Amino acid sequence: MDQRGFFEVEDRLSRLSDLGDQLEAFSRAVDFERFRPDLERAVAYSDGRKGGRPPIDPVLMFKVLVIQTINTLWDERTEYLINDRVSFMRFLGLSLSDRVPDAKTIWLFRCWKATDASAHDGARLREGLLDRSHTGSDVRADTAYRSRASERFMERYGFVSGVHHKKPPHRDMPVRTRRSNAGKSVIRSRVEHVFADQKSRMGLFVRPVGIKRAEMKIGLANLVYNIRRFLYLERINAT
């Protein structure tokens, strides 16, 4: 690129910053290099001694998936827009002459918990869903997670059950129980807002082939939501 072209790109990027480039804000908020050790263990790239084309940097690929999630893009469209948009290139640290991952590379990289629709929710409660390292011990969940086994599990490991009670079969729910459920719903509704945001703003719809890709899609949606939420809280705290 000649000197004139370089300054034209810089001027365009400066203009994008002034307009509020969301990806630039993501870069300021998150040190994506902190993901490198986990990503390198997960992808297990070859050391290159056997030759072949060198792999694309895993952190760059991870940021590609972040771009996909933010903009609700399929793989071919992602490849095209990375080549087309200087804001995407800046986020990925690419210059105009750098290699851009193609759609096939993106598809292959997108393989990381989720379960299929046939799995019973209640059993997941006892299979690693609860994190004992959290400072809070209250567990809020809907009626699908209530069972004697789950209640015993929570009591045994020091969790406080806030799981909704089920309606008794063939009779009305007692007023006391209904009021208890209503109180729990006030707290649970805040979590439901997260899912509503992911479905509306991100257009989250899980339909990949393979559970690992479903895990990756859901995990990225959670990550993007958390970054957006962090930036929002940072902004309102500054006012």
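Taken over the range 138-154, the residue count meeting the criterion of being in contact with a His (Cβ under 9 Å, 6 or more places away or on another chain) and within 15 Å of Ser180 (Cα to Cα) is 5. Is it the case that the range 83-93 has a residue that's modelled with pLDDT of 85 or more and on the phi > 0 side of the Ramachandran plot? Checked against the condition, which is being modelled with pLDDT of 85 or more and on the phi > 0 side of the Ramachandran plot, the range 83-93 yields at least one hit.
Among the residues of the range 206-223, is there at least one that is in contact with a Phe, Trp or Tyr (Cβ under 6 Å, 6 or more places away or on another chain), surrounded by 15 or more Cβ atoms within 10 Å (Cβ to Cβ) and modelled with pLDDT of 85 or more? So far as the range 206-223 goes, no, none of its residues is in contact with a Phe, Trp or Tyr (Cβ under 6 Å, 6 or more places away or on another chain), surrounded by 15 or more Cβ atoms within 10 Å (Cβ to Cβ) and modelled with pLDDT of 85 or more. Within the range 94-127, the set of residues being loosely packed, with under 13 Cβ neighbours inside 10 Å, closer than 26 Å to Glu40 by Cβ and at pLDDT below 75 comprises just one member, Lys113.
The values are calculated or read from the model by the stated rules, or taken from the named source; none is laboratory data. Remember, it's a predicted structure, so these values are computed and weren't measured experimentally. Note that each Cβ is placed from the backbone with ideal geometry, even for glycine, and that neighbours are counted across all protein chains shown.
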